[in-house]
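So the structure is just underneath, and the comments pick up after that.
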């Protein structure tokens, strides 16, 4: 698999470089405009490979350039309390990636290669809550966001299971003629 250069990174929080993606507006009758106003969510694309150090796991998370996601899904009525570009920003990208592929990609510290680790919905929801609290330093608020995710996150999880995406199919450039490895506990399995 692709190898990563960690030399220039620090363990400080940094955010992904993304760009907003254009969505074609709906036809312009009143009800369609109203529906767009109430439900519109902007999609984003990661422009450069993103690495994030997660202290609780003592691991470097890797998200490949080109990954498209919708950030945090916050109802518009709660935007004043929970802005998707605010405290939820750091947790949303890994969470959306994990929901899409049922796994996360990490950097092996021994040879700086990438490996895949399977994640469940509950693990991803907890990671979202942890990363939001870590970045915002406000665990109570991220706990409420995490609770909302526990109540309604099954909709996104089921949608992603229905529209199954394969990580090697979507990002073949990160897989270089080496077997895909997963780590469970302390043992490494090869496929």
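The values are calculated or read from the model by the stated rules, or taken from the named source; none is laboratory data. Keep in mind it's a predicted model, so treat the numbers as computed, not measured. Cβ coordinates were reconstructed from backbone atoms using ideal geometry, including for glycine residues, and neighbour counts include every protein chain displayed.
So which of 9, 51 ends up being at pLDDT 75 or above and either more than 25 Å from residue 160 (Cα to Cα) or more than 11 Å from the chain's Cα centre (by Cα) (or both)?
Details: 9 fails: at pLDDT 75 or above.
The match here is 51.
Considering only residues that are touching a residue at least 40 places away in the same chain (Cβ under 8 Å) and within 25 Å of residue 108 (Cβ to Cβ), look in the stretch 13-48 and name the one that is farthest from the chain's Cα centre (by Cα).
13
Confirm whether residue 38 is in contact with a helix residue (DSSP H, G or I) (Cβ under 8 Å, 6 or more places away or on another chain), over 20 Å from residue 128 (Cα atoms) and at pLDDT below 90. If you could, list the steps in order and put the result at the bottom.
Values: in contact with a helix residue (DSSP H, G or I) (Cβ under 8 Å, 6 or more places away or on another chain): yes; over 20 Å from residue 128 (Cα atoms): yes; at pLDDT below 90: yes.
Judged against the criteria, residue 38 is a match.
Does residue 130 satisfy being closer than 20 Å to residue 43 by Cβ and at pLDDT 85 or above?
Numbers: closer than 20 Å to residue 43 by Cβ: no; at pLDDT 85 or above: yes.
Here the answer is no, as residue 130 does not meet what is asked.
Identify all residues within the stretch 171-191 that are modelled with pLDDT of 70 or more and either farther than 30 Å from residue 134 by Cα or exposed (fewer than 15 other Cβ atoms within 10 Å of the Cβ) (or both); write none if there are none. So that I can check it myself, show each step before the final result.
At the first step, the residues of the stretch 171-191 found to be modelled with pLDDT of 70 or more are 171-175.
Result: 172, 173, 175.
Given the residues 94, 16, which is the only one that is surrounded by 12 or more Cβ atoms within 10 Å (Cβ to Cβ), in contact with a strand residue (DSSP E or B) (Cβ under 8 Å, 6 or more places away or on another chain), under 14 Å from residue 128 (Cα atoms) and modelled with pLDDT of 70 or more?
Values: 16 fails: under 14 Å from residue 128 (Cα atoms).
Checking each option against the conditions leaves just 94.
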